[in-house]
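Scroll down for the structure; my scribbles are underneath it.
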Amino acid sequence: MSGWKAKRFWKEATVSEGADGFGVALDGRVVKTPGKAMLALPTRALAEVIAAEWDAQQGQIDPRQMPMTRAANTAIDKVAPQHSEVVALLAEYGGTDLLCYRAATPEALRVRQDAAWQPWLDWAEAALAARLVVTEGVTPVPQAAESTARLAAAVAAMDPFALTALHDLVAISGSLVLGLAVAEGRLTADAAWNISRIDEDWQIAQWGEDEEAAAHAARKRAAICDAERFLNLVRAGSEF
């Protein structure tokens, strides 16, 4: 039975509404998460997109084609019960943020890093009162406790749905600052991806890129854009 895969059994996916938020129903049967919790969603916009993902399934159900459904399941089943642990995990990125680690050489790479990365560290200092120290190389540099605490507070203020999106924004880019900038609407996910890829793009320009690496990068780029879309849907109207 290990090869068994679920197949479409419903004719129509619709949006339902209840006291706990919006949900999705398949021929009137309410969808639940893999953890058997109610799929209670904060906005109608998110529910409508998730219903559309279910409606788009033909034959065997392919979760890879349902990124908003997967993110909502994660928010409910994994992030909500472990909110403080997820906050702590993401807050750790503030102590080792990608943007703080610059190349000593070559000079041309360092110039690109400075131009792309420093404006966002400046933004973090101005908007979040979180000043981060820049260093050369990859040896960890201590950051001020007040700065990392302010970054952690910004993360902790997010609900499980927003925190789910932030997790992917940060984990994929390697930067808590870039993730928060996207979450604050100051930067698009696609732009954050490009900013985070300064080093990789430099190497590709020097040595070329193989197909496997390109395919992996394309999947990550799609995932970070999905995270931004999920966050926007979570905040669209904020009905609940």
Filtering the stretch 23-60 for residues that are in contact with a strand residue (DSSP E or B) (Cβ under 7 Å, 6 or more places away or on another chain), under 12 Å from ARG8 (Cβ atoms) and surrounded by fewer than 17 Cβ atoms within 10 Å (Cβ to Cβ) leaves a count of 3
Under the condition of being modelled with pLDDT of 85 or more and surrounded by 11 or more Cβ atoms within 10 Å (Cβ to Cβ), which residue from the stretch 1-17 is farthest from the chain's Cα centre (by Cα)?
GLU12
Would you confirm, using the coordinates I've provided, whether ARG64 is surrounded by fewer than 21 Cβ atoms within 10 Å (Cβ to Cβ), under 30 Å from PHE22 (Cβ atoms), at pLDDT below 95 and not hydrophobic (A, V, I, L, M, F, W, C)?
yes
Take the residues in the stretch 12-22 that are of a type in the set (A, V, I, L, M, F, W, C) and in contact with a strand residue (DSSP E or B) (Cβ under 8 Å, 6 or more places away or on another chain), then tell me which one is farthest from VAL234 (Cα to Cα).
ALA13
Which residue is nearest to GLN203 (Cα to Cα), if the candidates are limited to the stretch 103-127 and must be crowded, with 18+ Cβ neighbours inside 10 Å and without any contact (Cβ under 8 Å) to a residue 60 or more places away in the chain?
LEU121
In the stretch 181-221, which residue that is surrounded by fewer than 12 Cβ atoms within 10 Å (Cβ to Cβ) and aliphatic (A, V, I, L, M) is farthest from the chain's Cα centre (by Cα)?
ALA205
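The values are calculated or read from the model by the stated rules, or taken from the named source; none is laboratory data. Computed from a prediction, not measured in an experiment: that's the story for all the values here. So basically every Cβ, Gly included, is an ideal-geometry build from the backbone, and we count neighbours across all protein chains shown.
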